Amino acid sequence: MNINNNLFVMTLVAALAGPMGFLGTDALAAGPQGGRGVRVQPLSADEAATLTFLREEEKVARDVYLNMAARWALPPFANIAKSEQQHMDAIKAKLDRYGLPDPALAEIGAFRNAELQTLYDGLMDRGETAYLEALWVGGLIEEVDIEDLDNAIAATSHADLAQVYGNLLRGSRNHLRAFASAIERQGVVYQAQHLDQETVDAIIDSPMERGK
């Protein structure tokens, strides 16, 4: 099943973004202790699109890992699912800061973005066939996340977004290392699925970084 390119969809923003956050007026963020709000520099349409998309992209990872943890009851899914929740929370905090609505649905495995829904369904079908396949699914998710976060950092002019994306990027590299290690414990050498092999080798051959 060829699903590697399905995460490159940035289609859900216009309807979800609404009138606040990037249409030429400053967003109003809450001040300390609930005091007077402070003005924040609004996002461009592309920055808002990326932030909104990443919220659901991180939910894809979390929901897949929660289900794989329940299906196989083997590492590293449960721990990484908790980390993905932290990633989701970090993105949600930025959506709130810039006055953007949250696209993430409460239901596990449900997504507003139809392409992400299709992707999730395909990942689940693959991961439920065998524990090793589930590990490969995890590796694929993290490789695509790494590329998307690298692109998000390059495309933003907001230091706070770049910082959050950088934190998530370190976490995704750690997750890739964990999945690659688990695959190799099954007697299989990890092969790149989305990034180039040189980039993947450089990540998995380097030590774990601070960040989840």
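The values are calculated or read from the model by the stated rules, or taken from the named source; none is laboratory data. Nothing here was measured: the structure is a model prediction, and the numbers come from that model. A quick note on method: Cβ atoms are made from the backbone with ideal geometry, for glycine too, and the neighbour counts reach across all protein chains shown. Accessible surface areas use protein heavy atoms only, side chains included; no ligands, DNA or RNA. Shrake-Rupley method; radii C 1.70, N 1.55, O 1.52, S 1.80 Å.
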Tally of residues being under 16 Å from the mean Cα position of the chain (by Cα), farther than 13 Å from PHE53 by Cβ and open to solvent by 20 Å² or more (accessible area, probe 1.4 Å) across the range 87-117: 7
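Criterion first (free of Cβ contacts under 8 Å to residues at least 24 places away in the same chain, hydrophobic (A, V, I, L, M, F, W, C), assigned to a helix (DSSP H, G or I) and open to solvent by less than 30 Å² (accessible area, probe 1.4 Å)) does ALA61 satisfy it? I'd like the intermediate steps shown before the answer.
Details: free of Cβ contacts under 8 Å to residues at least 24 places away in the same chain: no; hydrophobic (A, V, I, L, M, F, W, C): yes; assigned to a helix (DSSP H, G or I): yes; open to solvent by less than 30 Å² (accessible area, probe 1.4 Å): yes.
Against the criterion (free of Cβ contacts under 8 Å to residues at least 24 places away in the same chain, hydrophobic (A, V, I, L, M, F, W, C), assigned to a helix (DSSP H, G or I) and open to solvent by less than 30 Å² (accessible area, probe 1.4 Å)), ALA61 does not qualify.
Per-residue answers, yes or no, for (1) in a helix (DSSP H, G or I); (2) at pLDDT 95 or above:
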| site | (1), (2) |
| --- | --- |
| ALA14 | yes, no |
| GLY24 | no, no |
| ARG39 | no, no |
| ARG55 | yes, yes |
| ASN67 | yes, yes |
| ARG71 | yes, yes |
| GLN86 | yes, yes |
| GLY99 | no, yes |
Sole exception among (1) free of Cβ contacts under 8 Å to residues at least 12 places away in the same chain; (2) under 18 Å from ARG55 (Cβ atoms) for ASN167, by number: (1)
Within the range 42-53, considering residues that are crowded, with 17+ Cβ neighbours inside 10 Å and at pLDDT 95 or above, the one nearest to GLY109 (Cα to Cα): PHE53
Odd one out for TYR131, checked against (1) more than 18 Å from ASN79 (Cα to Cα); (2) surrounded by fewer than 19 Cβ atoms within 10 Å (Cβ to Cβ); (3) in contact with a helix residue (DSSP H, G or I) (Cβ under 9 Å, 6 or more places away or on another chain): (1)
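Is it the case that some residue within the range 148-159 is buried (at least 19 other Cβ atoms within 10 Å of the Cβ), of a type outside the set (Val, Ile, Thr) and farther than 26 Å from ALA110 by Cα?
First, pick out the residues of the range 148-159 that are buried (at least 19 other Cβ atoms within 10 Å of the Cβ): 148-149, 152, 156, 158.
If we keep only those that are of a type outside the set (Val, Ile, Thr) too, we end up with 148-149, 152, 158.
This time we only want the ones that are farther than 26 Å from ALA110 by Cα, so: 158.
There is at least one residue in the range 148-159 that is buried (at least 19 other Cβ atoms within 10 Å of the Cβ), of a type outside the set (Val, Ile, Thr) and farther than 26 Å from ALA110 by Cα.
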